[in-house]
Amino acid sequence: MKKLLILLILLTSVLSVYGFDWPVKKVILTSTFGESRGDHFHTGIDLGGGAQPVFPISSGRVVFRYNSGQYSSVPIGLGNFIVLQHKGNIRSIYCHLKDNSIKTGVRSIAQSDQLGIIGDTGHSYGKHLHLSIIDFETHSILNPLTLLPPVKDKQPPIIKNVWMKTGDEEKKISETDTVKPSRVEILAEIYDLREDVSFIWKLAPYTIVLYENGVESARITFNSIVKNSGKLVLSGSKKSFTDIYASDWIYRLGSIELLEGENHLLILVKDFAGNESTRNFFIKAGKSR
């Protein structure tokens, strides 16, 4: 908790000093940092709103720009993109821009200068902007929401289904359960929701915490991602993608020891706006009825 508080203070300081702002006028958040992409973390956020102009999050210097077909060695997944260097050794990357919309021939970029237009180039399903922010001082990929102004959000996350797993056997947990004393892994189906649409559009939450008998047992917080022993892991936890995701929207919350008697489990989930949801489970370990 102390490390998280220090990190948040540092990120708030960066925001106040460098004045980062949203890269689009109409902010429609369609995907959040850390979401599952099948076999890897989503390393940024996605913004919708159609073919609207894209601006830098802060003034900076162009260190790379790419238009489709310009270099055969560049991976095509990002589509047309541009990379800016900002103060504090921060870089921002703007991806999937519309063909021929990227500003060329200019190195110094003011915050009011248009970089391009939202498109659907590269590996993209519909027009959107993918924004990634990298801190080269700490060699970490940052959650852009830690640097950008807050967005209106009153929709709490959803904790839908929770399972306990022993070996290959999974059992859905009810609010009160009786099981044999054992060590189990806790899995949970969790997601946040967009509140600007009338249908279910899932987003990754910001923090998931598991408590066992009032003591914190595990925590997942999508603040930043770093490379550790050749793998991308969540900063501060050393948890890789496969350590966190059992499948899309199903999180591995860690293993606990169910002792004889009543065991109280509490799952707390927060989104970045601070909205939170909880689920309580009282599991009696002993002879099954």
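The values are calculated or read from the model by the stated rules, or taken from the named source; none is laboratory data. Everything numeric in this text was worked out from a predicted model, so none of it was measured. Counting neighbours? That spans all protein chains shown, and the Cβs are built from the backbone with ideal geometry, glycine included. Note: accessible area is taken over every heavy atom of the protein model, side chains too, but ligands, DNA and RNA are not part of it. Shrake-Rupley method; radii C 1.70, N 1.55, O 1.52, S 1.80 Å.
Between 174, 132, 182, 140, which is of a type in the set (Gly, Ala, Ser) and open to solvent by 40 Å² or more (accessible area, probe 1.4 Å)?
Details: 132 fails: open to solvent by 40 Å² or more (accessible area, probe 1.4 Å); 182 fails: open to solvent by 40 Å² or more (accessible area, probe 1.4 Å); 140 fails: open to solvent by 40 Å² or more (accessible area, probe 1.4 Å).
Among 174, 132, 182, 140, only 174 is of a type in the set (Gly, Ala, Ser) and open to solvent by 40 Å² or more (accessible area, probe 1.4 Å).
Given the residues 162, 151, 184, which is the only one that is within 30 Å of residue 196 (Cα to Cα), aliphatic (A, V, I, L, M) and in a strand (DSSP E or B)?
Details: 151 fails: in a strand (DSSP E or B); 184 fails: within 30 Å of residue 196 (Cα to Cα).
The conditions single out 162.
Answer yes if at least one residue in segment 64-75 is in contact (Cβ under 8 Å) with a residue 40 or more places away in the chain, surrounded by 13 or more Cβ atoms within 10 Å (Cβ to Cβ) and of a type in the set (A, V, I, L, M, F, W, C), and no otherwise. If you could, list the steps in order and put the result at the bottom.
Step one: list which residues in segment 64-75 are in contact (Cβ under 8 Å) with a residue 40 or more places away in the chain, which gives 68.
Among the residues that remain, those that are also surrounded by 13 or more Cβ atoms within 10 Å (Cβ to Cβ) are: 68.
Next, only the ones that are of a type in the set (A, V, I, L, M, F, W, C) stay: none.
For segment 64-75, residues in contact (Cβ under 8 Å) with a residue 40 or more places away in the chain, surrounded by 13 or more Cβ atoms within 10 Å (Cβ to Cβ) and of a type in the set (A, V, I, L, M, F, W, C): absent.
Checking the structure you have, find out if any residue of segment 93-107 is exposed (fewer than 13 other Cβ atoms within 10 Å of the Cβ), over 14 Å from residue 66 (Cα atoms) and among the aliphatic types (A, V, I, L, M).
Within segment 93-107, not a single residue is exposed (fewer than 13 other Cβ atoms within 10 Å of the Cβ), over 14 Å from residue 66 (Cα atoms) and among the aliphatic types (A, V, I, L, M).
Name, by its number, the condition in (1) surrounded by fewer than 18 Cβ atoms within 10 Å (Cβ to Cβ); (2) touching a strand residue (DSSP E or B) at 6+ places or on another chain (Cβ under 6 Å); (3) not in a loop (DSSP other than H, G, I, E, B) that does not hold for residue 210.
So residue 210 meets the others, but not (1).
Within segment 203-211, is even one residue among the small types (Gly, Ala, Ser) and modelled with pLDDT under 95?
Going residue by residue through segment 203-211, those that are among the small types (Gly, Ala, Ser) are 204.
After this cut, where a residue has to be modelled with pLDDT under 95 as well, the list is none.
Scanning segment 203-211 turns up no residue that is among the small types (Gly, Ala, Ser) and modelled with pLDDT under 95.
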